[in-house]
Amino acid sequence: MSALEPRDADADATPDAGVDAVADTSGPRAADDDTKGSVLDPGHRALSIGIVSVVLLIAFEATAVGTAMPVAARELNGVSLYAFAFSAYFTTSLFGMVLAGQWSDRSGPLAPLTAGISAFAAGLLLSGTAGAMWLFILGRAVQGLGGGLVIVALYVVVGRAYAEHLRPAIMAAFAASWVVPSVVGPLASGTVTEHLGWRWVFLGIPALVVFPLALALPAIRRTASGPADPDAPVAPWDRRRIRLALGISAGAALLQYGGQELRWFSLLPAVVGVALLVPTVRGLLPHGTWRAARGLPSVVLLRGIAAGAFIAAESFVPLMLVTQRGLSPTLAGLSLALGGLTWALGSYVQARPWTEPYRERLVVLGMILVALAIAVAPSVLITAVPVWVLAAAWGVGCLGMGAVISSTSVLLMKLSAPDEVGANSAALQISDALSNVLLLAGGGAAFAALGGGAVGHAVTSHAATGSHPAAFAAVFLPMAGVAAVGAWVATRLGAEAEAKPASISRPSTA
């Protein structure tokens, strides 16, 4: 799953005086009693069901559309452009995240959430009616812009409308909403594609937008609309951050384009992409991110490390099982089905009140589980090792990811001032998405260099048989090392005793 998908939607560092001040005011319309209530009490029920329905919609789209994509590319004579149907989504979503952060902090999350859901649906309709591959890719780009707006706006809604003790529970509900789509989505999409055609997968999903809009928007207007401080003057748009957002999107697009093939002429766009990414990322992430400064910078860095390492490794699991162990694509995909359940379980555990004093240790343990799962995965390259070993290991890794991803989201809200939740949430999602781009590009390059072949062709044709086992080891083992580094970063999530909540609203040199 991509980093932009709220399976990564998602609790508390050791509080200091500054953080406590934030916690006391972070939900101006949240429950008056900070120790009572639930996400399904009368004051929260409509909002909770509405925003979880939004996540459910995005989850179903992510699992269903991926199944129909190869058929769409072949019918539109665009197999050579197949990868751009994914990269277009990622690159525009990066811009949408930054835009949503500013928009939410200035006027509340209602407008960006509405615009995001509308763009998401419009992109699906454009792709579903496309008569050429370039129109299909354009639809995916519009969809990505909407997805970027939605995910950041949802975080701001949670920060505004829920008291601090309720946030882990709503994040656990976000994670749980991925379970059914993870199991049902591919099967339903395959059935619709086979009997009705791939277009109906894209055209049918927008109809599901009506229910979450009707339920969530009135509740958001009532509990989380407007700026965090209605009496404060509205801050002007930060044009510098908008330019940085355009730069990070363009840099990611060029880097992905340059990484498609290992040819000399691909180096130029890749180099230009890196040149754009370095200054823009430094300007969009909190100061101290790259040196793992304590508090918010380490939270943002850990989110990228965890998501990037895990998703980059997971992307190669089905291919390894098909090419090296002879499983059918369906069985290879089902080998990961347990992960949806254990991911939700990990998120549920971090939401229990008794885990709060041990949150940092829980995150460290989660990253250790992720590193071990990724390291064990290539053991199935040895024919004597049964395939169920990988399925079990991946379930353990997903358990760790459920705890880590949800905890980083709640920690971010705890360490952010009320009027900076949008910008800081955007930074968290940028770290998540960009690490996916970078580590997938690096893993893909290593895979191809060691005899992995053309990954995109192998996946779409289901005919890959010649990948060298060493190519898979070159993906999994480095990603396990990255996850192990994440376990160290997880020890630095607590704020310093005298530290104030971090901000990215000031110029940053990350």
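Structure summary
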quantity	calculated
Segment VAL385-TRP488, length gained on full extension (0.36 nm per residue, minus Cα span)	34.0 nm
Added length on full extension, which subtracts the Cα-Cα distance from 0.36 nm per residue, ARG291 to LEU138	51.4 nm
In Hz, Karplus ³J(HN,Hα) per residue of segment 149-164 (6.51, -1.76, 1.60; θ = phi - 60°; x = Gly, Pro)	5, 5, 5, 6, 4, 4, 5, 5, 4, 4, x, 8, 9, 10, 4, 4
Cα-based convex hull, segment 54-195, per residue volume (Å³, whole number)	95 Å³
Fully extended contour minus Cα-Cα distance, from TYR358 to THR129, at 0.36 nm per residue	77.4 nm
Among VAL180, LEU213, GLY128 the positive-end extreme of the charge dipole of segment 103-262 (Cβ point charges)	LEU213
Farthest positive-ward along segment 95-248 dipole, Cα basis, beta-carbon charges - from PHE95, VAL158, LEU196	PHE95
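FYI, it's all coordinate maths here, none of it is from the lab. Please read these numbers as outputs of a predicted model, since none were measured by experiment. So basically every Cβ, Gly included, is an ideal-geometry build from the backbone, and we count neighbours across all protein chains shown.
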